[in-house]
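Below: the structure, in structure tokens.
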């Protein structure tokens, strides 16, 4: 009897867990659809920003701009995008693994590492690792970040680069490719770069106010803002997608465990009934 009672309690416990994981799966699926829409829409905006900078570079010397100057790398800054919570599969582990590889490579090359963590998980890891100077941690990024949400991150990176305190800035994030495929990747932010395209330059007869240098300065910062913003959108879509899949797998596993426990419970109960019948029959025979 004790065995059946234990099995019944375990079945109830697993059922409660399955309800929780199912609810988390549905919530993640809802957030994933919205985040996916934002991420896909943001890619078009980023492409137009690159196109504008490419055309500007054709009529001015971009390489002389402070944000485009390349110099030997002695100090590198990583902007690490992770989540605040867990239960998202390998989402955080993939980014942390990528950061670890990059830091080890920098240490071998004699490059010092600084980090800005976006998300609690990245901040926890950076604090524990020797050789990483954690400059700041941002843990209040909403599901649909706006310019004001990332301005302080960008300002910190730009200020350090202008003051020659760091020579290179990269952002580590998870690129959303599909509901089943997400890839941890690295994107170089500073020195700023532009993509050469075959588009014809349509700005030759354009008048810039107050000057082309001022316009380029604003465009360069907007381009960096777009890159950080898009990286956050891609990461959020990836996080919700991986959490949805993780919770779906947990729900399926809970259902399998419930089936196994139910089978064991029925077997134990049948054995107990058979034993009781045998004892009754044996007692009746003994009384004859």
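Using only alpha carbon pairs under 8 Å that are at least six residues apart, calculate the relative contact order of segment 83-192 and give it in whole percent.
On the way: 122 pairs, mean separation 24.1, N = 110.
Rounded, it is 22 percent for segment 83-192.
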Cut-off is 10 Å between beta-carbons; in what order do 104, 98 appear when sorted fewest neighbours first? 104, 98
Can you compute the modelled spin-label distance between residue 287 and residue 275, with each label point 7 Å from Cα toward Cβ, in nm? 2.2 nm
Sort 256, 106, 143 by Cβ crowding within 10 Å, fewest neighbours at the top. 256, 143, 106
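Please arrange 65, 240 by how many other C-beta atoms lie within 10 Å of their C-beta, fewest to most. Could you put the intermediate results ahead of the total?
Details: 65 17, 240 26.
Going from least to most buried by this count: 65, 240.
FYI, it's all coordinate maths here, none of it is from the lab. This is a predicted model, so every value here is computed, not measured. Backbone-built Cβ (ideal geometry, glycine too); neighbour counts: all protein chains shown.
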